[in-house]
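Below: the structure, in structure tokens.
Nothing in this text is a laboratory measurement; each read-out follows from the coordinates by a stated rule. Here the structure is a predicted model, which means the values were calculated and not measured. Every residue, glycine among them, receives a Cβ derived from its backbone with ideal geometry; neighbour counts consider all protein chains shown.
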Amino acid sequence: MRQRLDFATDGAHWPHRDLSRFVTAAGLRWHVQHAPHPDPDAPTVLLLHGTGASTHSWRDLIPLLQPHVSVLALDLPGHGFSAMPQGDAVAELCSLPGMSRGVAALLQTLGVTPVTVVGHSAGAALACRMALDGLLAPLRLVSVNGALLPLDGWAGQFFSPLAKLLAKAPLVPELFSWRAAQADVLQKLLDGTGSRLNAEGQALYRQLIANPGHAGAALAMMAHWDLHRLARDLPALATPLTLVAGAQDVIVPPAVAYRVSAALRQQSPRPVHMLAGLGHLAHEEQPSAIAPLVLFTQT
């Protein structure tokens with residue numbers, strides 16, 4: 001079994017550690033962070049991170065939201081401090097529909113009904129899939145650099161099969177985590193997002209990708225992720241969707257947000273919120289630019 005992050009040691013200085021708890025749902029032990037509003041009747045905002053990230057990616061956004069709403073963040077299966085599915089459960093809980101059902105089961109266990117769901121990258125696809133499948137009914141979805149469409153060209157044809165092959169190879173996550181944890185490689189990976197993170201952000205990503213269990217979970221998610229059905233279903237999305245795009249994002253180019261906007265049946269006077277100078281990790285670079293777009297949906 002691949003080594004996992006241990007909350008007692010690896011999480012000793014984790015952002016918002018005091019908000020963390022562990023909950024069992026869908027046969028999995030989930031790491032969640034709940035930042036309650038003083039008013040128990042305040043609406044809840046759910047934050048869903050992308051592939052390879054964790055609750056840490058919301059560390060600076062949570063304090064900006066909490067004075068206005070309750071906030072719930074979670075680590076997706078195998079990511080951060082959430083458990084990794086085993087055996088046949090990998091294909092189920094690491095696929096888009098299966099992960100949607102898993103998160104829905106978690107919300108039911110917690111007794112939480114989010115009014116707004118904010119998803120970054122693959123987290124935005126997860127939020128849309130859940131809404132389309134009737135697994136949650138928020139008033140609004142917010143997509144931050146949402147990976148909502150399949151990759152174009154040859155990458156779309158070969159990426160998923162390659163990810164499946166790599167995910168099954170027993171030593172690939174170990175080799176990837178060992179190599180990626182090196183300072184120069186990590187910097188190239190972060191530069192490839194089009195974002196510039198501070199020292200804390202870089203250290204947290206180094207801690208995550210240096211762990212073979214976390215790396216294996218990211219590979220498994222990519223291997224079982226299929227956005228073709230989501231792309232076909234998106235025009236039927238009834239929940240209002242706020243599209244946010246970092247102008248410097250090279251992983252999910254801003255053109256994706258405009259294509260999604262054009263595909264939706266719903267109309268908006270300002271369908272895409274473009275963030276100048278920010279990349280794929282815009283919510284970590286400048287959370288103050290994201291918070292108003294989230295809180296606006298509460299009015």
* Structure fact -> For the pair Leu139 and Phe7, the simple spin-label estimate (label points 7 Å beyond Cα toward Cβ) gives in nm 3.1
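May I ask for the Kirkwood hydrodynamic radius of the chain, worked out over all distinct Cα pairs and given in angstroms to one decimal?
About 19.1 Å for the chain.
Using a Förster radius of 30 Å, what is the FRET efficiency between Arg265 and Arg196 based on their Cβ-Cβ separation? Nearest 0.05, please.
0.25
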* Mind listing the phi-derived Karplus ³J(HN,Hα) values for segment 116-123, rounded to whole Hz, using 6.51, -1.76 and 1.60 with θ = phi - 60°, and x for any glycine or proline? -> 10, 10, 10, x, 9, 6, 5, x
* Using every Cα-Cα pair within segment 1-114, state what percent have a distance larger than 21 Å. => 35
* Sequence-distant residues sharing a close amide H with Val252 (under 5 Å, placed H) -> none
* Whole-Hz couplings from phi, Karplus 6.51/-1.76/1.60, listed for segment 274-290; x for Gly and Pro -> 8, 9, 5, x, 10, x, 5, 9, 4, 5, 8, 5, 9, x, 5, 7, 8
* Near the amide H of Gly246, under 5 Å away, which other amide H atoms are found, from residues 5 or more places off or on another chain, if H is placed in the peptide plane? -> Asn145, Leu275
* Structure fact -> Per the rule of 0.36 nm per residue minus the C-alpha distance, extending Ala247 to Arg232 adds in nm 2.8 nm
* Asked: Separation of segment 75-122 and segment 12-62 by C-alpha centroid, Å?
  -> 12
* To do: Choose one answer from Asp18, Asp88, Asp75: the residue with the largest mean-square fluctuation in a GNM of the chain with alpha-carbon springs under 10 Å.
  => Asp88
